[in-house]
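Just below is one structure, and these are the notes that go with it.
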Amino acid sequence: MSDQKKEVQLQGIVHASRYDRNGQGKSFLGAGIECSDGRVWVISYSEESPFHAFAGRQVVVSGEPYEPEYGSQSLIGWEGKKPGHFCVSTMRLVEVTPDAELVEVGAGQHFRGRFERGKSKTGKSILFFVTEDGETFPVANNPAGASVGPSVEVLAYPVHPAPSIPKATEQYLWINCPCSFEDLREWRERQS
């Protein structure tokens, strides 16, 4: 008997919320997917996840359902439904439209490295992440708490920006890095 879990595929609409300074009470700021069969899955508790770029869009997701650890975050209900939890290995748009930011996201991986500023192939100043092994990746997002220079451990997702976004041919990363509440507050201001 094998201990390997079987990867499954889901199709549905991504729901993701942004921080609303005028909102009352606690809000779920992560992301979830609502499938055509009515099931709902939490795919991230982070408001900085790459899945937010797919909000309101139809996607195909591969990965595995999981049970969150005791004491970890969970939701009581999602619009009257009890959500499951799903670990995403890939997410891709069903239909690429001109206003899409990303086409596909891969599984998150932990890396240690540093941020650097540099020029893209089009000459634009962009943020890069350089791993301890010396691999350099352009950063697709504007991560909260990112500062050029010091070594940091990050959660990085390989992403494919939409064809309408000028990009180099290299692999891009969407990065979440450790940040303070002040860093997060400043990031929220930049997003609004």
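The values are calculated or read from the model by the stated rules, or taken from the named source; none is laboratory data. These figures come from a predicted structure and were not determined experimentally. Quick reminder, even Gly has a Cβ in these numbers, built from the backbone with ideal geometry, and neighbours come from all protein chains shown. Just so you know, the surface numbers come from the protein's heavy atoms only, side chains and all, with ligands and any DNA or RNA stripped out. Shrake-Rupley method; radii C 1.70, N 1.55, O 1.52, S 1.80 Å.
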query = In the stretch 122-134, what residues are of a type outside the set (D, E), at pLDDT 90 or above and surrounded by fewer than 15 Cβ atoms within 10 Å (Cβ to Cβ)?
reply = G134
key: Enumerated strands (runs of 3 or more DSSP E) restricted to the stretch 1-92, each holding at least 1 residues that are modelled with pLDDT under 85   = 8-16
query = Looking at the stretch 103-121, is at least one residue open to solvent by less than 20 Å² (accessible area, probe 1.4 Å), in contact (Cβ under 8 Å) with a residue 12 or more places away in the chain and among the hydroxyl-bearing types (S, T, Y)?
reply = no
